[in-house]
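Each remark here refers to the structure printed beneath this line.
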Amino acid sequence: MSVIYEPRGRAKEYSPYALNLYLGCMHGCRYCYAPHALQRTAENYFIKPTPRRDVLKYLEKDLRQRRYDKQILLSFIGDVYCETADDNQTTREALNLLNAFHAPVAVLSKGGGRMLRDMDIFRAFGDRIAVGATLTFHDECKSREWEPDAALPADRLKALKILHDVGIKTFASFEPVVEPEESLKLIEQTLLDNSVDHYKIGKLNNYKGLDKGIDWREFLIRALKLLRPAKKQIYIKESLRCAASDVPLYENETDPERYIVRA
């Protein structure tokens, strides 16, 4: 069994390869697609997850059989830095394996400071790793309402700043964008902190019709006005490009592989 796989559809924009270590998550995000994708109820998905059976054994097998020169994302299903039954030990061991085989890696999490426990391994990767956070709400109360057990916004922002300041490449994923004003505040904060190297910006997709009432063109224009003068790396996801199709974009803002981590 192979555990490193090539994502399909919209997920392909985020990474050429992916690895899911756990199949549950404690964060309880209202908009999460994973329970539906895995055909689980919320009660059976939003639990303290255990590692996938023999995932480290199969990971080592994958890495021995093939050299990966484009990034492997941790992860699309679950969060490798949510509260887990093994206290994220599988995450740490998987990172050590990936580094030993010189694989390039991207880590995306809402775990905030929990990510920092593995900062020593992140640093060992050198330029073969990028560590990112999903940023959704600037307001703590709104964050708790939508992502009840994820790290609070300030914790995620602080973790990005600490990682960036020690030379680890950082990125921020602005998807979903539930309230554009909240996302714009977060962009402003990360620019003020100088904590993010690369921005991935999308939209809210098909959640109870809320996306239909948002002016995505205005949101994209305002986001670009903030980021372009700062000379930041930007990727605008296809869903947002389609929703704001008359907003001119540069080629480097529409190429999903331009800023991925490579070996």
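Each value in this text was obtained by applying a stated rule to the coordinates, not by laboratory testing. Note that the coordinates shown come from a computational prediction; the quantities given were computed from them, not determined experimentally. Every residue, glycine as well, gets a Cβ built from its backbone with ideal geometry; the counts of neighbours run over all protein chains shown.
Under the criterion of Cα pairs below 8 Å and six or more residues apart, the relative contact order for the chain equals 18 percent.
Arranged from fewest to most other beta-carbon atoms within 10 Å of their beta carbon, Tyr31, Tyr81 become Tyr31, Tyr81. Across segment 106-241, C-alpha contacts under 8 Å between residues 6 or more apart give a mean separation that, scaled by the residue count, equals a relative contact order of 23 percent. Highest-first packing order for the peptide set 110-117, 15-22, 85-92, 139-146 is 15-22, 110-117, 85-92, 139-146, based on the mean count of other beta carbon atoms within 10 Å. When +1 charges are put on Lys and Arg Cβ atoms and -1 charges on Asp and Glu Cβ atoms, the dipole computed for the chain relative to its Cα centre reaches about 560 debye.
Counting only aspartates and glutamates at least 8 places from Lys12 when in the same chain, those with an alpha carbon closer than 14 Å to its own are Glu238, Asp255, Glu257.
For segment 254-263, 3J(HN,Hα) computed residue by residue from phi via the Karplus equation (6.51, -1.76, 1.60; θ = phi - 60°) reads 10, 9, x, 9, 4, 10, 6, 7, 10, 6 Hz, glycine and proline entered as x. Between the amide H of Leu73 and those of Tyr17, Ala18, Leu19, Ala106, distances stay under 5 Å, these residues lying 5 or more places away or on another chain, with hydrogens modeled in the peptide plane.
Please sort 241-253, 150-162 by packing, taking for each peptide the average over its residues of neighbouring beta carbons within 10 angstrom, highest first.
150-162, 241-253
Annotation: amide H of Ile129 within the under-5 Å range of Val105, sequence separation 5 or more or interchain, hydrogens built in the peptide plane. Within straight-line reach of Lys185, meaning a Cα separation under 20 Å, sit the following lysines at least 8 residues removed in sequence or on another chain: Lys110, Lys142, Lys158, Lys161, Lys200, Lys203, Lys225, Lys231, Lys232, Lys237.
For the peptides 226-234, 199-207, 186-194, residues were scored by their other Cβ atoms within 10 Å and the scores averaged per peptide; the highest-first order is 199-207, 186-194, 226-234. Put a plus charge on the Cβ of each Lys and Arg, a minus charge on the Cβ of each Asp and Glu, and nothing anywhere else: the dipole of segment 37-76 about its Cα centre is then about 160 debye.
Hey, fewest Cβ within 10 Å first, where do Thr84, Thr41, Thr50 land in order? Write out the running numbers ahead of the final one.
Details: Thr84 23, Thr41 10, Thr50 13.
In increasing order of surrounding Cβ atoms, one gets Thr41, Thr50, Thr84.
One entry in (1) 47, 37, 36; (2) 48, 39, 32; (3) 90, 44, 34 is Cα extents along the principal axes in Å calculated from the shown coordinates; its label is (2).
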